[in-house]
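S.K.: Sharing a structure, written as C-alpha cells. Questions coming.
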There are 2 protein chains.
Amino acid sequence: MKSAVLFDKVAVIGLGLIGSSLCWRIKRDGLAKHVAGHARTKATRDKAMELGFIDSVHATAAEAACEADLVVLCAPIGANAAIAEEIGPGLKRGAVVSDVGSVKVCVIRDVGPYLPDGVHLVPGHPVAGTEHSGPESGFPELFENRYCILTPPPGADSGAVERVATLWRRAGSNVELMDPHHHDRVLAVTSHLPHLISYTIVGTAADLEMQLRREKQDISDVVETREVIKYSAGGFRDFTRIAASDPVMWRDIFLNNRDAVLELLGRFVEDLTALQRAIRWGEGETLEEFFTRTRAIRRGVIEMRQAGSFKPTEPEKE
Amino acid sequence: MKSAVLFDKVAVIGLGLIGSSLCWRIKRDGLAKHVAGHARTKATRDKAMELGFIDSVHATAAEAACEADLVVLCAPIGANAAIAEEIGPGLKRGAVVSDVGSVKVCVIRDVGPYLPDGVHLVPGHPVAGTEHSGPESGFPELFENRYCILTPPPGADSGAVERVATLWRRAGSNVELMDPHHHDRVLAVTSHLPHLISYTIVGTAADLEMQLRREKQDISDVVETREVIKYSAGGFRDFTRIAASDPVMWRDIFLNNRDAVLELLGRFVEDLTALQRAIRWGEGETLEEFFTRTRAIRRGVIEMRQAGSFKPTEPEKE
C-alpha cells in the first residue's frame, strides 16, 4: 500500500471555496505533512485557522510558500502575476507551482516568467464548484468524481506533472491533460458563457421593475422584483444560483479569456436571434425541433455522471 | 376537522409531470372520491393505470370529463381549444374547469368560449416542475411549498375560485390570485426567458463541434461535444437540465406568450451586449459591479424558500 503523504509541505495561496476545499481534503486524507495558508485579508486568515483546515497561516504569500514542495495558487487569476513575482525568489529548488484557475493560457503567461530555474509550473483546473465563496464554504468532497484538467506547458517536467496529478486523484478527481489554449476554448463553452448568461439574465430581471415603472402606464405591465423572486421556481432560480458566484473571480476570468468568450457569444446571439424570429413569426416547428435536439446533450451529462443532484423541493432545514 | 374530500369526481386531461403529480396528491390525501384520467396516447393511458394514480382511464377527454365536478387541463396549452370544444357540451352544470398552463391569457381566450353557462373557468398555474416529463415523472410532493397562481377572469364565480384554491392549498401550495395579463408578464421573466436562454445555449453547444470542424484549421480550436459533456460541471450542466424540459409544452408557451417574451428578450440582449462590450474593452470595473449586484436577488430567492436543493456531488445511485 502506498503511503498517503505526497508532500512534506503544501502552500495554498488564496483560501476561498477551492483553496479551503483542497486544504480540507489534504488534511482529511493526510496527503501532506504540513499545509501552510495565505489569504489577502486578515479576516480570512483568522477564519482559516479557526476552522482548522491549515496548519499554519502567513501574512504574506512569500512566507507561506517558503520551503514548500508544492504551491497552489487559489486566488482570482488576476492576482497571479503579483503573487508569482512575490514568491518566485524564495521558492525551493524542485518545488512545483500549480493553480486552480478557470483560464490556463494566462497562468503560463503571468506566472511562468517569475519562476526560477528548477521550479516546475503545472497549471491545473478542478472543474468543480458551488455558488458559495469564502473560507467557510469549503468541504473535502468538492472534487469527488469531478474532472481536474492539467495543462503543463511544452517541456514540463513529467515528474512534477505526475505529482500534481496524484494529488488530484487522491482528492477524488479524474485527471486529464490538455493543451492550455484548447482548455480555455472548452471552458468558455462549459463554464464561462453559462456564467455570463446567468449574470446577464439576473441583472436584466433586477433592473426590470425600475425600468417598467418609468416606461409603462398600466400597472399590470409592471413586474416587481418581489414577484420575480417569489415565482422563481419556474426556472429563474437556477440562474440566480450560478449568478451568485464570486464577482472578482469572474471578472478576471472574462478579462483573461476574452477571445474565446466573445467568439462563442457571437454564435449564441445568432442562435438566440433565430429563435426570437421563430417566436415572432409563430414558427412552431422550428421551435419544437430546436427544443428536441438539446435533450441528447442532457442524457450525455447524466451518463457521464456530471449532473449533480437537484431536488426541486426545499431542504428540511436551512 | 374538515373532511379531506373536496370533490366527488375530478377529471385530469393530460397525464404528464404536472397532471400525474396532481393525481398522486389527490389520491394520497383523499381529496376526491374518484380521479378520472385521459391522455392522448394509449401508452400514457396504460402507464397511468399501471402506476395507479387514477381510478379510471378514458380514451376521450369528453368521457373523462363527463359528470366531473372539476376538470383540470394538463396538456400542452396549444391543445386547450380543441379539448375545450370536445368536453364543453358534456360538462355538468356547476362544474369547474381549471388548468395548469404557464400562460394564462390564452387559456381564457381558448377555453372560455366553449364552456356552457353554469360552468366556471378558473385558470391556474402551479409554479413547480422538474426537467422530467411523462406519466412516470410525477410525485405527490411536487407542489409542496411552491406558489400556485390562479387567474380568474373578471366576474368569475367566487365559490368556484375558492374550491380550486382549496385543492392547491391541500396539495401543499401557497395560492395567489393574479390578473392573467400580469401573470404572463411575470412568468416571462421567471420561467419563459430562462428556458429560452437555456435551450439556446445548449443548442449552440450542440452545434459547435460541427461548425468548428468546418471553420478552423488548428485542431486545438475544435471543441468536441464529448468535451462539452465531460466538463459540464463548470455551469453548463444546469442549463442542460432546464433545456431537457418537454419540447411541445415549451413550443406552445412561446407561441402563446410572444409579446412578453420578445419584449424581455430585447432587454436581455441589450444587457448582454453591454457586458460583451465591457469584456472586449477590458472594463473590469463594469463587470465586477454588474456581477456584484445580482447577489441580492439570490439572497431573496433563498429567503423566500424557493431555491430548491442543489448538491454539487452525484447521487449515490442513479
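S.K.: Among (1) buried (at least 23 other Cβ atoms within 10 Å of the Cβ); (2) touching an Asp or Glu at 6+ places or on another chain (Cβ under 6 Å); (3) touching a residue at least 60 places away in the same chain (Cβ under 8 Å), where does A:Ala61 come up short?
M.R.: It is condition (3) that A:Ala61 fails.
S.K.: List every residue pair whose Cβ atoms lie under 9 Å apart, where the two residues are 6 or more positions apart in sequence or sit on different chains, the first residue falls within the range A:187-216 and is farther than 19 Å from B:Ala278 by Cβ and more than 7 Å from every other protein chain (Cβ to nearest Cβ), and the second residue, located anywhere, is surrounded by fewer than 18 Cβ atoms within 10 Å (Cβ to Cβ) and not basic (Lys, Arg).
M.R.: Between residues of the range A:187-216 that are farther than 19 Å from B:Ala278 by Cβ and more than 7 Å from every other protein chain (Cβ to nearest Cβ) and residues that are surrounded by fewer than 18 Cβ atoms within 10 Å (Cβ to Cβ) and not basic (Lys, Arg), the close pairs are A:Glu209/A:Glu224; A:Glu209/A:Thr225; A:Met210/A:Thr225; A:Leu212/A:Asp221; A:Leu212/A:Glu224; A:Glu215/A:Asp221.
S.K.: Taking the range A:45-102 only, how many residues are under 19 Å from the mean Cα position of the chain (by Cα) and more than 22 Å from A:Phe7 (Cα to Cα)?
M.R.: Selection size over the range A:45-102: 7.
S.K.: Tell me which residues, restricted to the range A:145-171, are open to solvent by 10 Å² or more (accessible area, probe 1.4 Å) and within 15 Å of the chain's Cα centre (by Cα).
M.R.: Within the range A:145-171, A:Tyr147 is the sole residue that qualifies.
S.K.: Kindly provide the set of residues from the range A:23-48 that are under 17 Å from A:Ser133 (Cα atoms) and free of Cβ contacts under 8 Å to residues at least 40 places away in the same chain, ordered by number.
M.R.: Listed by number, the residues that qualify are A:Gly37, A:His38, A:Arg40, A:Thr41, A:Lys42, A:Ala43, A:Arg45, A:Asp46.
S.K.: Identify all residues within the range B:100-122 that are touching a Gly at 6+ places or on another chain (Cβ under 7 Å) and among the β-branched types (Val, Ile, Thr); write none if there are none.
M.R.: B:Val100, B:Val107 - these are the residues of the range B:100-122 that are touching a Gly at 6+ places or on another chain (Cβ under 7 Å) and among the β-branched types (Val, Ile, Thr).
S.K.: Oh, and also: Might you let me know whether the range A:275-286 holds any residue that is closer than 23 Å to A:His195 by Cβ and within 7 Å of chain B (Cβ to nearest Cβ)?
M.R.: For the range A:275-286, residues closer than 23 Å to A:His195 by Cβ and within 7 Å of chain B (Cβ to nearest Cβ): present.
S.K.: Residues that are surrounded by fewer than 22 Cβ atoms within 10 Å (Cβ to Cβ), facing chain B (nearest Cβ under 7 Å) and at pLDDT 90 or above: does the range A:287-299 have at least one?
M.R.: So far as the range A:287-299 goes, yes, one or more of its residues are surrounded by fewer than 22 Cβ atoms within 10 Å (Cβ to Cβ), facing chain B (nearest Cβ under 7 Å) and at pLDDT 90 or above.
S.K.: In the range B:103-144, what residues are open to solvent by less than 10 Å² (accessible area, probe 1.4 Å) and of a type in the set (Phe, Trp, Tyr)?
M.R.: Of everything in the range B:103-144, just one residue is open to solvent by less than 10 Å² (accessible area, probe 1.4 Å) and of a type in the set (Phe, Trp, Tyr), namely B:Phe143.
S.K.: Being more than 7 Å from chain A (Cβ to nearest Cβ) and either crowded, with 22+ Cβ neighbours inside 10 Å or polar (S, T, N, Q) (or both) is true for just one of B:Asp252, B:Asp259. Which residue is that?
M.R.: When all the criteria are applied, what remains is B:Asp252.
S.K.: Any residue in the range A:238-247 that is modelled with pLDDT under 95 and of a type in the set (Phe, Trp, Tyr)?
M.R.: Yes, the range A:238-247 contains a residue that is modelled with pLDDT under 95 and of a type in the set (Phe, Trp, Tyr).
S.K.: Restricting to the range A:78-102, name every residue that is open to solvent by less than 10 Å² (accessible area, probe 1.4 Å) and of a type in the set (A, V, I, L, M, F, W, C).
M.R.: A:Ala84, A:Ile87, A:Ala95, A:Val96, A:Val97
S.K.: While we're on this one: Kindly indicate the residue of the range B:156-186 that is assigned to a helix (DSSP H, G or I) and of a type in the set (A, V, I, L, M, F, W, C) and also nearest to the other protein chains (Cβ to nearest Cβ) among those meeting that condition.
M.R.: B:Val186
S.K.: If A:Leu193 passes every condition in (1) out of contact with any Gly (no Cβ under 9 Å at 6 or more places or on another chain); (2) part of a helix (DSSP H, G or I) but one, which one does it miss?
M.R.: Going through the list (1) out of contact with any Gly (no Cβ under 9 Å at 6 or more places or on another chain); (2) part of a helix (DSSP H, G or I), A:Leu193 breaks only (1).
S.K.: From the residues in the range B:106-155 that are more than 25 Å from A:Arg237 (Cα to Cα) and assigned to a strand (DSSP E or B), which one is farthest from the other protein chains (Cβ to nearest Cβ)?
M.R.: Among those that are more than 25 Å from A:Arg237 (Cα to Cα) and assigned to a strand (DSSP E or B), it is B:His120.
S.K.: Something else: In the range B:21-44, which residue that is under 21 Å from the mean Cα position of the chain (by Cα) and farther than 21 Å from B:Glu86 by Cβ is most open to solvent (accessible area, probe 1.4 Å)?
M.R.: B:Trp24
S.K.: Only one of these conditions is not met by A:Gln306: (1) surrounded by fewer than 19 Cβ atoms within 10 Å (Cβ to Cβ); (2) touching a strand residue (DSSP E or B) at 6+ places or on another chain (Cβ under 9 Å). Which number is it?
M.R.: (1) is the only condition that A:Gln306 fails.
The values are calculated or read from the model by the stated rules, or taken from the named source; none is laboratory data. As the structure is a prediction and not an experimental result, all values here were calculated from the model. All Cβ positions, even for glycine, are placed from backbone atoms using ideal geometry, and neighbour counts span all protein chains on display. When the accessible area is computed, the model is the full protein with side chains, heavy atoms only, and any ligands, DNA or RNA have been set aside. Shrake-Rupley method; radii C 1.70, N 1.55, O 1.52, S 1.80 Å.
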